[in-house]
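The values are calculated or read from the model by the stated rules, or taken from the named source; none is laboratory data. Please read all numbers here as calculations on a predicted model, not as lab measurements. FYI the Cβ positions are ideal-geometry reconstructions off the backbone, even for glycines, and counts take in every protein chain you see.
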Amino acid sequence: MVNKKVINGGKVSHWACINFSRSVQETTARGFCQELAQMCQISGMEFNSEPVLPIYSARPDQVAKALKHVYNVALHKLKGKELELLLAILPDNNGALYGDIKRICETDLGLISQCCLTKHVFKISKQYLANVSLKINVKMGGRNTVLVDALSWRIPLVSDIPTIIFGADVTHPETGEDSSPSIAAVVASQDWPEVTKYAGLVCAQAHRQELIQDLYKTWHDPQRGTVTGGMVRELLISFRKATGQKPQRIIFYRDGVSEGQFYQVLLYELDAIRKACASLEPNYQPPVTFVVVQKRHHTRLFANNHKDRSSMDKSGNILPGTVVDSKICH
């Protein structure tokens, strides 16, 4: 990706850096940040070369204090403007430091962060800087790549009308954890026709519950009366705000469902999607394609003619993207 430009570059006007690595001197950290800023500019971003504050050094055991200090000092200096990005230099063996930084930045401060290890600061690689610049660009709302077919409006089932693509899964606690909640996650595309930007929502639900409970929900508020919400509803609203139009088609990819749960999941979750749509407008019912994705199965498919090399890959397997929707015998 060196010397390549992104499709749409993000903008970073106000950023800061915290150095949590004792072995990295301030001059080394400053040189690394300058190289990274330059690479972001080369890749097509509008990136300010100078940080809001001098690079701040802190001990890993004072992560919360350091993050909040830099954030507050930056806010004071910016006089009401937001600190947009925090770079963090971490020791190579950093234990829980990475997770702590992400948790505090995302849940307490509402701050986008990018972590870099000490070994990459000492040995600066153009390829590494290019890869990090791609991560930063996406985090700042840019777009790195786009399908050629999307630009020419040629993606089947997507390009003809405004289409939103969902992905959903539930992660369960490990065996032996009897009280921990299961975690449901839903992501959805937020642009059209490119379909390259996604927003995601996460919620906790009952222990080992496979059905996603918060796709759509209603509750009673003493002041507002009946309130509607849920992850599908929120992502549909977000799509409309981003694109200026409602999705006219929904494609919903669902992972992690066993064959014994197909019918139950389809009934419950498809109904929740329908209710989420109707909660926006009573007659709003776009067509829904509900796709259950499985990797762990015992179905094997073979080409009809093993001499026809165009119908299979070099290993003899059928080509990726093959869809079989009839004539499967059990």
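Go through segment 278-330 and give me each residue that's among the charged types (D, E, K, R) and surrounded by 10 or more Cβ atoms within 10 Å (Cβ to Cβ). Spell out the reasoning first.
First pass over segment 278-330, keeping only residues among the charged types (D, E, K, R): 281, 295-296, 300, 307-309, 313-314, 325, 327.
R309, D313 - these are the residues of segment 278-330 that are among the charged types (D, E, K, R) and surrounded by 10 or more Cβ atoms within 10 Å (Cβ to Cβ).
Of everything in segment 211-230 that's among the hydroxyl-bearing types (S, T, Y) and in a strand (DSSP E or B), which residue is surrounded by the most Cβ atoms within 10 Å (Cβ to Cβ)?
Top of the filtered list is T228.
In segment 10-23, how many are part of a loop (DSSP other than H, G, I, E, B) and either buried (at least 20 other Cβ atoms within 10 Å of the Cβ) or of a type in the set (D, E, K, R) (or both)? Don't jump to the end; show me each part of the working.
Keep residues of segment 10-23 that are part of a loop (DSSP other than H, G, I, E, B), which gives 10, 13-14, 20-23.
Next, only the ones that are either buried (at least 20 other Cβ atoms within 10 Å of the Cβ) or of a type in the set (D, E, K, R) (or both) stay: 10, 20-22.
Of the residues in segment 10-23, 4 are part of a loop (DSSP other than H, G, I, E, B) and either buried (at least 20 other Cβ atoms within 10 Å of the Cβ) or of a type in the set (D, E, K, R) (or both).
For segment 104-121, enumerate the residues that are in contact (Cβ under 8 Å) with a residue 40 or more places away in the chain and of a type in the set (V, I, T).
Once the filter is applied, which keeps residues that are in contact (Cβ under 8 Å) with a residue 40 or more places away in the chain and of a type in the set (V, I, T), segment 104-121 yields I104, T118, V121.
Give the residues of segment 276-300 that are within 14 Å of V232 (Cβ to Cβ) and either outside any loop (DSSP other than H, G, I, E, B) or out of contact with any strand residue (DSSP E or B) (no Cβ under 7 Å at 6 or more places or on another chain) (or both), sorted by residue number. Give the steps one after another, and end with the answer.
Kept after step one, since they are within 14 Å of V232 (Cβ to Cβ), are these residues of segment 276-300: 276-280, 284-286, 288, 290.
Listed by number, the residues that qualify are A276, C277, A278, S279, L280, Y284, Q285, V288, F290.
This table checks each residue for (1) in a loop (DSSP other than H, G, I, E, B); (2) out of contact with any His (no Cβ under 6 Å at 6 or more places or on another chain); (3) not aliphatic (A, V, I, L, M).
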{"residue": "A185", "(1), (2), (3)": "no, yes, no"}
{"residue": "W192", "(1), (2), (3)": "yes, yes, yes"}
{"residue": "V195", "(1), (2), (3)": "yes, yes, no"}
{"residue": "Q209", "(1), (2), (3)": "yes, yes, yes"}
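Of the numbered conditions (1) touching a residue at least 40 places away in the same chain (Cβ under 8 Å); (2) closer than 25 Å to A130 by Cα; (3) out of contact with any strand residue (DSSP E or B) (no Cβ under 7 Å at 6 or more places or on another chain), A64 fails exactly one; give the number of that condition.
Among (1) touching a residue at least 40 places away in the same chain (Cβ under 8 Å); (2) closer than 25 Å to A130 by Cα; (3) out of contact with any strand residue (DSSP E or B) (no Cβ under 7 Å at 6 or more places or on another chain), A64 violates only (2).
Kindly indicate which of S159, S133 is assigned by TED's automatic domain parsing to the domain that holds K246, among the polar types (S, T, N, Q) and either touching a Ser or Thr at 6+ places or on another chain (Cβ under 9 Å) or part of a loop (DSSP other than H, G, I, E, B) (or both).
Working: S133 fails: assigned by TED's automatic domain parsing to the domain that holds K246.
Exactly one of S159, S133 is assigned by TED's automatic domain parsing to the domain that holds K246, among the polar types (S, T, N, Q) and either touching a Ser or Thr at 6+ places or on another chain (Cβ under 9 Å) or part of a loop (DSSP other than H, G, I, E, B) (or both), namely S159.
Among the residues that make up segment 307-321, is at least one of them assigned to a loop (DSSP other than H, G, I, E, B), β-branched (V, I, T) and at pLDDT below 90?
Looking through segment 307-321, none of the residues is assigned to a loop (DSSP other than H, G, I, E, B), β-branched (V, I, T) and at pLDDT below 90.
Write out, first by first residue and then by second, each pair whose Cβ atoms fall under 8 Å of each other, whose residues are 6+ apart or on separate chains, and whose first residue, in segment 231-245, is surrounded by fewer than 24 Cβ atoms within 10 Å (Cβ to Cβ) while the second is of a type in the set (D, E).
Once the first residue is surrounded by fewer than 24 Cβ atoms within 10 Å (Cβ to Cβ) and sits in segment 231-245, its partners that are of a type in the set (D, E) give A242/D191; T243/D191.
Please go through segment 107-124 and give me each residue that is of a type in the set (S, T, N, Q) and either within 12 Å of N94 (Cα to Cα) or not in a helix (DSSP H, G or I) (or both), ordered by number. Step through it out loud before you land on a result.
Residues of segment 107-124 of a type in the set (S, T, N, Q): 107, 113-114, 118.
Passing the criteria: S113, Q114, T118.
If you go through segment 77-88 one residue at a time, do you hit one that is at negative phi and part of a helix (DSSP H, G or I)?
Residues of segment 77-88 that are at negative phi, as a first pass: 77-78, 81-88.
The next check asks that each one be part of a helix (DSSP H, G or I); those that pass are 77-78.
Within segment 77-88, one or more residues are at negative phi and part of a helix (DSSP H, G or I).
Given the criteria touching a residue at least 40 places away in the same chain (Cβ under 8 Å), closer than 16 Å to L117 by Cα and not in a loop (DSSP other than H, G, I, E, B), does C33 qualify? Even if it seems obvious, please write down each step before you answer.
Details: touching a residue at least 40 places away in the same chain (Cβ under 8 Å): yes; closer than 16 Å to L117 by Cα: yes; not in a loop (DSSP other than H, G, I, E, B): yes.
Yes, satisfied.
Only one residue in I89, I104, I136 is surrounded by 13 or more Cβ atoms within 10 Å (Cβ to Cβ) and over 23 Å from T27 (Cα atoms), so which one is that?
Details: I89 fails: over 23 Å from T27 (Cα atoms); I136 fails: over 23 Å from T27 (Cα atoms).
Only one candidate qualifies: I104.
Any idea how many residues of segment 243-269 are within 23 Å of the chain's Cα centre (by Cα), within 11 Å of L211 (Cα to Cα) and either of a type in the set (S, T, N, Q) or modelled with pLDDT of 95 or more (or both)?
2
Show the residue pairs that are 6+ apart or on different chains and have beta-carbon atoms under 6 Å apart, the first residue being within segment 251-269 and not assigned by TED's automatic domain parsing to the domain that holds V186, the second being in a helix (DSSP H, G or I) and exposed (fewer than 14 other Cβ atoms within 10 Å of the Cβ).
The qualifying pairs do not exist here.
A quick yes/no check of all residues on (1) without any contact (Cβ under 8 Å) to a residue 24 or more places away in the chain; (2) more than 16 Å from M39 (Cα to Cα):
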site	(1), (2)
K123	yes, no
L129	no, no
V132	no, no
N137	no, no
G142	no, no
T145	no, yes
D149	yes, yes
P156	yes, yes
I161	no, yes
